[in-house]
């Protein structure tokens, strides 16, 4: 590792010339400061973008690492004011003149530069001082990022990863933390689709949220969410706390009750010699209810500007009820074997306790470090009842789980050379799960298993930013994993696995005229959840079983990505290769039974292209995203390597109308074409949503009304071929709904907890 650091320093990091700092303030014609104004530094000769910043709450700006001998031009802009160009001077005070027309309290300008290029090819969305701060909630705001897919709380990126979200450097543990942020409280949002080695190995994309500076004092806020489809659902949240310059206390309690009704049609066609078997399972009504009680409390203490520490406790209680109701029909070769009411039910209860602690220290502005510690304890119990057959035979399965996790992360930041930042550290995690599965009667093997995994990681990342505007970074993660799976009942199954993984990353970004470019390479490891590493068999019905795979290996993603930004356009092109792709597969295990499990597919790759365009006309903002995905998947079919190359098209259109400064409307339409996901081919989907909102009492009270899935086309239909077996699944999910959201605030949240999770394995339990 020492040799690696030396090589990177010698090759990537040339010593730069001395630099200077450019700072000043921006104010209006009345002498009042203008916060959140854009200050952009350009070359005087050809107006090439160098770097920029946004003024703080008192109108001050600062641009560092400026070459002293280059002639520059300073461009200052803010919505509601005339743009201004001037030569930069030390300690400069710049006045902007009002030049806007007002329509129904809406400030209108021709500004469309919501996006800018961040470091290492990231995309920065500017919220403060733009129409985006009038979005109804923070989740709608995140959907404005180029390449973000999904609706509501469902977020994924165009490159195929679910992003990790950080708020002021702290990783959000749930979407509830994000929803608590008001768009007016957000300064910028940054999207990084190829994070460096500083982030966990499973992180494929990162969203960084930076909030505006807050005052101190007490705060209290609450939110009530109501949704009606075939069933009624609601969510209620209360947040309160106190903050001053040294102490921060935050607490939250949330109760959710979500209900839904689905319809499902499963058809399995199997060929066994000269015999053809058709398996059908039809459910005309599937009700499920999910209730959750969550609570949390955190304490942050900052005794000085050189150190801070804190601790946070999260707890939750979950209860899920899943019931299939009439009629539930099973058919084998056109012969009805089951046709009765109340076929199956599940009752899941789980408890989870999560403790996180952190300590941060700072020697100088260029030398600082941090430490994070995690401990998780969780238990769960599940009862499943299956009533089937013409004689109404009952099968009962009881599952009990006990999970533990301990993790610690040490991270050090050092500015070893001018314009250079070095980050290095180490992580250690230990996970242990116990699973008990008992069948009555004894149709399948019972399970009494234990799965333990230890992982030790070292990482290093180095960045260099040249005063002329280009930058580069390189990083490496070295992970060593040893795991042990043991089933004391299932013939004493004993699986041990030790392996080492190297995950490199690198990138370079530069500018040509008004265009910003970046070329990056990244790698990540996706380790399977412990639920599918369990080797036990789960009884679904008399024809269909599900089984885990303790021999399942981690999946490795390698991608090369090019980003281009200019004016209102964002373009992303990417090639991705996946090694040991984790896929769901189906086998025929008997004359009348089918088994579903997971396995690794060696060859999986693809190309992705995304184009995003944004335009603001008066009080309307339109965002268009189009994408193309081409898969190259090779897997065995009848002992022959079959390649699937089915392309997929994606389109999304979003329209926002700010009627007044307190009222607005938005609508979004999303089309996802037919695609190939491993062995499965999926159907096209069309989703149309609309929303209207209004704020009262200086934005302390906000009401919104939403209509979701207006076309009723958000249904899942897929089929897959596994040798001589073909599986068809049509799931009519109950997505079409009307929802009402009420948010109130007595003062706003001043600070968020400063800790982050020490391990990326929290979601695997």
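Of (1) more than 23 Å from residue 260 (Cα to Cα); (2) crowded, with 16+ Cβ neighbours inside 10 Å; (3) modelled with pLDDT under 85, residue 671 satisfies all except one. Which?
Checking residue 671 against (1) more than 23 Å from residue 260 (Cα to Cα); (2) crowded, with 16+ Cβ neighbours inside 10 Å; (3) modelled with pLDDT under 85, the one that fails is (3).
So residue 137 passes all but one of these: (1) closer than 30 Å to residue 223 by Cα; (2) at pLDDT below 70. Which condition number does it fail?
Single failed check for residue 137: (2).
Mind telling me which of the residues 419, 413 ends up being touching a residue at least 40 places away in the same chain (Cβ under 8 Å), at positive phi and either in the same structural domain as residue 478 (by TED's automatic domain parsing) or crowded, with 16+ Cβ neighbours inside 10 Å (or both)?
So the residue among 419, 413 that is touching a residue at least 40 places away in the same chain (Cβ under 8 Å), at positive phi and either in the same structural domain as residue 478 (by TED's automatic domain parsing) or crowded, with 16+ Cβ neighbours inside 10 Å (or both) is 419.
If we only count strands (runs of 3 or more DSSP E) wholly inside the range 443-561, which ones have 3 or more residues that are touching a helix residue (DSSP H, G or I) at 6+ places or on another chain (Cβ under 7 Å) and within 30 Å of residue 428 (Cβ to Cβ)?
447-465, 471-487
Collect the residues in the range 13-35 that are farther than 30 Å from residue 417 by Cα, modelled with pLDDT under 80 and crowded, with 17+ Cβ neighbours inside 10 Å, keeping them in residue-number order.
Across the range 13-35, the qualifying residue is only 35.
Among 269, 293, 309, which is touching a strand residue (DSSP E or B) at 6+ places or on another chain (Cβ under 7 Å), over 21 Å from residue 181 (Cβ atoms), at pLDDT 90 or above and surrounded by fewer than 17 Cβ atoms within 10 Å (Cβ to Cβ)?
293
Name the single residue, out of those in the range 686-709 being at positive phi and at pLDDT 80 or above, that is farthest from the chain's Cα centre (by Cα).
697
Take the residues of the range 354-396 that are out of contact with any strand residue (DSSP E or B) (no Cβ under 6 Å at 6 or more places or on another chain) and more than 30 Å from residue 281 (Cα to Cα): which is modelled with the highest pLDDT?
363
Please indicate, with yes or no, whether at least one residue in the range 446-469 is closer than 22 Å to residue 575 by Cα and either modelled with pLDDT of 90 or more or in contact with a strand residue (DSSP E or B) (Cβ under 8 Å, 6 or more places away or on another chain) (or both).
no
Failed condition for residue 680, given (1) farther than 19 Å from residue 726 by Cβ; (2) modelled with pLDDT under 90, with all others met?
So residue 680 meets the others, but not (1).
Conditions first: (1) on the phi < 0 side of the Ramachandran plot; (2) touching a strand residue (DSSP E or B) at 6+ places or on another chain (Cβ under 7 Å). Residue 174 passes all but one, so which condition is the exception?
Checking residue 174 against (1) on the phi < 0 side of the Ramachandran plot; (2) touching a strand residue (DSSP E or B) at 6+ places or on another chain (Cβ under 7 Å), the one that fails is (2).
Looking only at the range 370-379, which residues are buried (at least 17 other Cβ atoms within 10 Å of the Cβ) and without any contact (Cβ under 8 Å) to a residue 60 or more places away in the chain?
Correct list: 370, 371.
From the list 433, 399, pick out the single residue that is at pLDDT 80 or above, part of a strand (DSSP E or B), under 30 Å from residue 458 (Cβ atoms) and assigned by TED's automatic domain parsing to the domain that holds residue 471.
The match here is 433.
Filter the range 222-266 down to residues that are within 25 Å of the chain's Cα centre (by Cα) and under 26 Å from residue 35 (Cβ atoms) and give me whichever is surrounded by the fewest Cβ atoms within 10 Å (Cβ to Cβ).
Filtering first and then ranking leaves 239.
State whether the residues of the range 557-564 include one that is outside the structural domain of residue 41 (by TED's automatic domain parsing) and over 23 Å from residue 472 (Cβ atoms).
There is no residue in the range 557-564 that is outside the structural domain of residue 41 (by TED's automatic domain parsing) and over 23 Å from residue 472 (Cβ atoms).
On the basis of being within 26 Å of residue 260 (Cβ to Cβ), under 25 Å from the mean Cα position of the chain (by Cα) and touching a residue at least 12 places away in the same chain (Cβ under 8 Å), does residue 712 make the cut?
no
Please go through the range 150-190 and give me each residue that is in a strand (DSSP E or B) and either modelled with pLDDT of 75 or more or assigned by TED's automatic domain parsing to the domain that holds residue 746 (or both), ordered by number.
Across the range 150-190, the qualifying residues are 156, 157, 164, 165, 166, 167, 171, 186, 187, 188, 189, 190.
What strands (runs of 3 or more DSSP E), lying completely within the range 674-726, carry at least 2 residues that are surrounded by fewer than 19 Cβ atoms within 10 Å (Cβ to Cβ)?
680-682, 685-696, 701-708, 716-722
The values are calculated or read from the model by the stated rules, or taken from the named source; none is laboratory data. These numbers come from a predicted model, not from an experiment. Note that each Cβ is placed from the backbone with ideal geometry, even for glycine, and that neighbours are counted across all protein chains shown.
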